[in-house]
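The values are calculated or read from the model by the stated rules, or taken from the named source; none is laboratory data. From a predicted model like this one, the values you see are computed outputs, not experimental measurements. Virtual Cβ from ideal backbone geometry, glycine too; neighbours counted across all protein chains shown. What goes into the accessible areas is simple: the full protein's heavy atoms, side chains included, and nothing from ligands, DNA or RNA. Shrake-Rupley method; radii C 1.70, N 1.55, O 1.52, S 1.80 Å.
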Amino acid sequence: MAIYPVILCGGAGTRLWPASRPARPKQFIDLISDLSLFQETVRRVAPLAEGGRIVVVAGRDHRGYIEAQMSALGVEGDLILEPVGRDSAPAMAAAALWIEQIDPDGTAVFVASDHYIPDALAFREAIIEAVAAAEHGRIVTMGMAPTSPSPAYGYIQPDSPGLSRVRRFVEKPDRIEAGRYLAEGYLWNSGNFVVPVGVLVAELEAFAPDVVAAVRAALPERGSDARSLGPAFASAPKISIDYAVMEKSDKVWVLPAAFEWSDLGAWDAVAATGQGARGVWVGQASDGCLVRAAPGMVVATAGVSNLAIIAEPDAVLVCDLSRAQDVKALVEQLARRQVLPSSVETPSLPALSNQLGRWLKLSALPLWATLGVEADGAFAEALDDEGRQVGDFRRARVQARQAYVFSLASTWGWCEGYPALVERGLARFEATNRREDGLYRTRVSRAGAVLDDTASLYDQAFVLLASATAVEAGLDVDRCRRTAARVQTSLRTLALPQGGWREPAGPAYQANAHMHLLEAALAWEALEPDGPWASMADTIVGLARAHFIDERGGFLREFFGSDWRPAEGEAGRQVEPGHQFEWAWLLTRWGRLRGDPWALEAARRLFVVGERGLDPARGVAIDQLDETLQPRSSGARLWPQTEWLKAALILAEEAEGEERRRLIDSAGAALRGLWLYLAPTGLWRDKLGPDGVFETEPAPASSLYHIVAAYRQLRETAGGLAEP
């Protein structure tokens, strides 16, 4: 008999506001560990699915969270999406009917997605015992041995000690009644059930036929790729499984379980685990407090005790832990006062897009066009929090990237002064960085003295990209065309007989420099379709197809040997989520031009790999994975967030139906992740640590290229949606 773990993702987690929201309920946040509660549940039940599969039942709005978080674990499963929540009976009916189509003899293990069970082995041992009991045609529920007379849980009265019939279910009592139940041997109702799917369907048909009828009408056909329940699901009675079946059936048994368990229903339950604190908290004479501070926020306390302090960017909760159950009423009061919808709901992608456009137009670019430009027209390397320039050198890539940024802003008509800024900056760059061979040196001093005469392939790519974008904006067209032709010709000195180009700076054989060269080649191909650029782009894509992308795993490596095989040691095992996204974006663009279906398929696989690097706890893409797609570096720089956004947007353009919706949701998540880094002043933080704390350092100018490129894709995808 195959086992099908069914994870039920209903519930809004209102008592855990403001961390838990309707758009991001508690099961998808990191309440206890670095993983979300949902991910902890997936890991806990996955070993049970021998012969079966994991099934997840959730609302359509949460599809993005589920697929990304399961992908990050490398676990697959069937996803059943509800168009509207109808409580646990219809949800369980949908799963049971779905499994029955695949395996009429299968046994379902229904578990909540948001429970705390630290001893996964003890949990699985209890489930296996329950599965054996269920083979006799029973519905077996897990009854938890109470540790206190809690009014937060429902109770089960067993008929006798050990595995026994259920005498009755009891709703959440007051504390006095709960004490009596504790003394009389009642068990906590965990809401977890083990049952052969045929038995559950038969009991639902006997006691809740309207539920079964509605769900059957809504269920996709067997073998269908679409797993969204149809409109008929909304006609199902909104009823819990306890009311629909468990309180009426004579087949319900209870198995006492002794492993540690909590439904984490309120902040006091989270505090009781001792693992719920997050972020930066400085406390003096502050005992017994649970403090969670969102990234970039600091909480300080003095002379307080027994408090929950939950600080989110848009809302802060302070409550006595003994009153944690009152948070639900507090949220209801906020809703009545019409405070909750405007200040707490997750912003939509269009709203965030418009916000990013305004931030760029009104804050970031004006700041960097003034304080970020030196007297001679060169662009500054970085600005500190006071707007002071930092760095006594100028890198070629920064000069080129800033020219790209202000060229694009010129095409958007954002400021009359930006064209002159670009032309002056490029002229100064030409004077200080151009070598006799026509390539551009890596680094000069602020006075223009040569500090590093190397002409890196990476930097030449950005010179080409800046020149193309300036021509697109109609700026210094003749000189920019000459620059591009000269660089393209001079790059022959770096060409390799085995294909591709050598990187003189850093590892000689790498994917990253080629990636940016592909971006530049595509930009120039749009301007000069009959030029050498299409051939350059095709060469790079051919290299990616033959060598950069692992044929079996679908992921892209960073560093290689002279034969373009993966480099030896750790370098050859490095996989960067941000570059999976960036290559996905570029391959999609190239594939459109060539009509090559391989490119889109490869882009989709790369995107899935990139999702393995998403950290649901912080809502960001991390820096590095290894070749097994496990985290190698859990730091999270700014730029991977922009590449996640670009890839999700362009792939959404190529998708339809539920997949398109998922990718748009992913783009929204990426944009929300990006906003964590941005400051109202027009500056940003670049490095987010695993602990959710940003490294204190000046804002690097090089990040602006990534932000503006992402905004450009937003404009192109949305057709003006993000216009400020």
Picking from 462, 393, which residue would you name as being modelled with pLDDT of 95 or more and either more than 25 Å from residue 540 (Cα to Cα) or in contact with a strand residue (DSSP E or B) (Cβ under 6 Å, 6 or more places away or on another chain) (or both)? 393
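Scan 543, 593, 606, 522 and give me the residue that is under 30 Å from residue 691 (Cα atoms), among the hydrophobic types (A, V, I, L, M, F, W, C) and not in a loop (DSSP other than H, G, I, E, B).
Values: 543 fails: under 30 Å from residue 691 (Cα atoms); 593 fails: under 30 Å from residue 691 (Cα atoms); 522 fails: under 30 Å from residue 691 (Cα atoms).
On inspection, the qualifying residue turns out to be 606.
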When (1) open to solvent by 40 Å² or more (accessible area, probe 1.4 Å); (2) assigned to a loop (DSSP other than H, G, I, E, B) are applied to residue 553, the one that fails is (1)
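Answer yes or no: is there a residue in region 6-14 that is in a loop (DSSP other than H, G, I, E, B), over 21 Å from residue 83 (Cα atoms) and in contact (Cβ under 8 Å) with a residue 40 or more places away in the chain. Explain how you work it out, then say what you get.
Initial filter on region 6-14 (in a loop (DSSP other than H, G, I, E, B)): 9-13.
Checking the rest, the ones that are also over 21 Å from residue 83 (Cα atoms) come to none.
Looking through region 6-14, none of the residues is in a loop (DSSP other than H, G, I, E, B), over 21 Å from residue 83 (Cα atoms) and in contact (Cβ under 8 Å) with a residue 40 or more places away in the chain.
Can you tell me which residue among 276, 296, 283 is in a loop (DSSP other than H, G, I, E, B) and more than 30 Å from residue 125 (Cβ to Cβ)? First the steps, then the outcome.
Details: 276 fails: more than 30 Å from residue 125 (Cβ to Cβ); 283 fails: in a loop (DSSP other than H, G, I, E, B).
The conditions single out 296.
Listed here are the residues, each with its yes/no results for (1) outside any strand (DSSP E or B); (2) touching a Lys or Arg at 6+ places or on another chain (Cβ under 7 Å).
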position	(1), (2)
629	yes, yes
632	no, no
642	yes, no
646	yes, no
662	yes, yes
674	yes, no
692	yes, yes
707	yes, no
Within region 152-185, the count of residues that are within 15 Å of residue 133 (Cβ to Cβ), at pLDDT below 95 and open to solvent by 40 Å² or more (accessible area, probe 1.4 Å) comes to 3
Exactly one of (1) free of Cβ contacts under 8 Å to residues at least 40 places away in the same chain; (2) surrounded by 19 or more Cβ atoms within 10 Å (Cβ to Cβ); (3) among the aliphatic types (A, V, I, L, M) is unmet by residue 121. Its number? (2)
Do you know which of the residues in region 405-417 that are surrounded by 23 or more Cβ atoms within 10 Å (Cβ to Cβ) and either among the hydroxyl-bearing types (Ser, Thr, Tyr) or touching a strand residue (DSSP E or B) at 6+ places or on another chain (Cβ under 6 Å) (or both) is nearest to residue 709 (Cα to Cα)? 407
Tell me whether region 300-320 contains one or more residues that are out of contact with any helix residue (DSSP H, G or I) (no Cβ under 9 Å at 6 or more places or on another chain), assigned to a loop (DSSP other than H, G, I, E, B) and either at pLDDT below 90 or of a type in the set (Gly, Ala, Ser) (or both). yes
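Can you work out which of the residues in region 262-281 that are among the aliphatic types (A, V, I, L, M) and surrounded by fewer than 19 Cβ atoms within 10 Å (Cβ to Cβ) is modelled with the lowest pLDDT?
Keep residues of region 262-281 that are among the aliphatic types (A, V, I, L, M), which gives 264, 266, 269-272, 277, 280.
This time we only want the ones that are surrounded by fewer than 19 Cβ atoms within 10 Å (Cβ to Cβ), so: 272, 277, 280.
Details: 272: 93, 277: 91, 280: 87.
If we take residues in region 262-281 being among the aliphatic types (A, V, I, L, M) and surrounded by fewer than 19 Cβ atoms within 10 Å (Cβ to Cβ), then 280 is modelled with the lowest pLDDT.
From the list 112, 96, 89, which residue is buried (at least 19 other Cβ atoms within 10 Å of the Cβ), closer than 20 Å to residue 244 by Cβ and out of contact with any helix residue (DSSP H, G or I) (no Cβ under 7 Å at 6 or more places or on another chain)? Walk me through it before giving the result.
Details: 96 fails: out of contact with any helix residue (DSSP H, G or I) (no Cβ under 7 Å at 6 or more places or on another chain); 89 fails: out of contact with any helix residue (DSSP H, G or I) (no Cβ under 7 Å at 6 or more places or on another chain).
After applying the criteria, what remains is 112.
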Long-range neighbours under 8 Å by Cβ, at least six apart or interchain, first residue touching a residue at least 12 places away in the same chain (Cβ under 8 Å) within region 546-568, second among the hydroxyl-bearing types (Ser, Thr, Tyr): 559/509; 560/509; 561/509; 562/509; 564/509; 567/509
Give 635, 673 a once-over and let me know the one that is at pLDDT 90 or above, touching a helix residue (DSSP H, G or I) at 6+ places or on another chain (Cβ under 7 Å) and under 28 Å from residue 559 (Cα atoms). 673
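Only one of 443, 397 is among the basic types (Lys, Arg), within 20 Å of residue 504 (Cα to Cα), surrounded by 14 or more Cβ atoms within 10 Å (Cβ to Cβ) and in contact (Cβ under 8 Å) with a residue 60 or more places away in the chain. Can you tell me which? Before the answer, list the steps.
Details: 443 fails: in contact (Cβ under 8 Å) with a residue 60 or more places away in the chain.
The unique qualifying residue is 397.
If the requirement is being within 25 Å of residue 416 (Cα to Cα) and surrounded by fewer than 17 Cβ atoms within 10 Å (Cβ to Cβ), which of these qualifies: 530, 478, 453? Step through it out loud before you land on a result.
Numbers: 530 fails: within 25 Å of residue 416 (Cα to Cα); 453 fails: within 25 Å of residue 416 (Cα to Cα).
Among 530, 478, 453, only 478 is within 25 Å of residue 416 (Cα to Cα) and surrounded by fewer than 17 Cβ atoms within 10 Å (Cβ to Cβ).
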Residue 236 vs (1) in contact with a Phe, Trp or Tyr (Cβ under 7 Å, 6 or more places away or on another chain); (2) closer than 15 Å to residue 88 by Cβ: all pass except (1)
Please go through region 446-484 and give me each residue that is within 38 Å of the chain's Cα centre (by Cα), within 17 Å of residue 504 (Cα to Cα) and aliphatic (A, V, I, L, M), ordered by number. 455, 457, 461, 463
If you take the residues in region 14-28 that are open to solvent by 10 Å² or more (accessible area, probe 1.4 Å) and within 20 Å of the chain's Cα centre (by Cα), which one is modelled with the lowest pLDDT? 23
Matching residues in region 62-86 - criterion: being surrounded by fewer than 19 Cβ atoms within 10 Å (Cβ to Cβ) and either in contact (Cβ under 8 Å) with a residue 60 or more places away in the chain or hydroxyl-bearing (Ser, Thr, Tyr) (or both): 74, 78, 83, 84, 85
